[in-house]
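We did not get these values from a lab; they are worked out from the coordinates using the rules stated. These figures come from a predicted structure and were not determined experimentally. All Cβ positions, even for glycine, are placed from backbone atoms using ideal geometry, and neighbour counts span all protein chains on display.
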Amino acid sequence: MLKLYTAPKTCSLACTIALEEAGATYELVKLDFPAGEQRGAAYLAKNPKGRVPALETDKGMITEVLAIMAFVAQIHPKAQLAPNDPFLFAQIQGFNSYLSSTVHVHHAHNRRGARWSDDPAVVEALKIKVPQNMTDCFTLIENDMLKGPWVMGEKYTIADAYLFTIAGWLGGDHVDIAKFPRVHDHFKRMGERPAVQRALEKHGG
């Protein structure tokens, strides 16, 4: 059985949503981040990165949101969470890569500044531009990347789970999601999906 290692209020929520949408059988293992469980020997033996998400399979461990969601979509093709067409799948991965490599990193400057500096003053300074950077990213998503009611247009995909997860961080980054009407509508519509509601309940935010 699949085992997803996660923590509340992290990007691993997107993977939990994907598993719920796929109707997968899996176990959710929540790590205690405040207690440093992700840096404990037991978890590092499974995932030396010391982060979440990580998906334990019968063939080994898969890490990173993009890889896990693509895997879930591929092993549950009947759920139609990703297209078979290579070009369309690449577009989904391109969207998700932007969220992972750019948007998530901007957000991390607000909560994880110690990754970049040991100087408390620098850590605080890193937070200053987070609202502007997140606003710029979501302006691009709103105007140029969101194709329709769902990220890819009329068809729901794994990209929607990831956008929902990161859009949920905007308030904590001092950005009003209402500034982006299409993203806001997407966020509300996602919250109405039974699979998303189950994921939120299990995941803890």
What percent of all Cα-Cα pairs in the stretch 86-193 falls in each 5 Å bin, counting up from 0?
2, 12, 23, 22, 17, 11, 7, 4, 1, 0
Per-residue ellipticity at 222 nm for the chain, helices alone: DSSP H runs ≥ 4 residues times -39500 (n - 2.57), over residue total, nearest 500 deg cm²/dmol?
-13500 deg cm²/dmol
Multiply the residue separation of Met1 and Lys59 by 0.36 nm, subtract the distance between their alpha-carbon atoms, and state the gained length in nm to one decimal.
19.8 nm
In nanometres, the difference between 0.36 nm per residue of separation and the alpha-carbon distance of Gln132 and Ala178 is 15.0 nm
What number does the stretch 1-120 give for Rg over Rh if you use C-alpha atoms and the Kirkwood radius?
0.99
Express in nm, to one decimal, how much length is gained between Ala42 and Thr139 on full extension, taking 0.36 nm for each residue of separation and deducting their alpha carbon distance.
30.8 nm
Given Cα pairs under 8 Å that are at least 6 residues apart, what percent is the relative contact order of the stretch 1-105?
28
Rank Val175, Val151, Ala195 by how far each Cα sits towards the positive end of the charge dipole of the stretch 110-205 (+1 on Lys, Arg Cβ; -1 on Asp, Glu Cβ) and give me just the farthest.
Ala195
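Given the chain, report the % of alpha carbon pairs whose separation exceeds 28 Å.
Summing the P(r) of the chain above 28 Å gives 26 percent of all pairs.
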Considering only lysines 8 or more places apart in sequence, or on different chains, count the pairs in the stretch 86-193 whose C-alpha atoms sit under 27 Å apart.
9
How far apart, in nm, are two points set 7 Å out from the Cα along the Cα-to-Cβ line at Ser101 and at Asp185?
3.0
So, in nm, how far is label Glu27 from label Arg115 when the simple model puts each one 7 Å beyond its Cα toward the Cβ?
2.8
With +1 at each Lys and Arg Cβ and -1 at each Asp and Glu Cβ, the charge dipole magnitude of the stretch 86-193 around its Cα centre, to the nearest 20 debye, comes out at 200
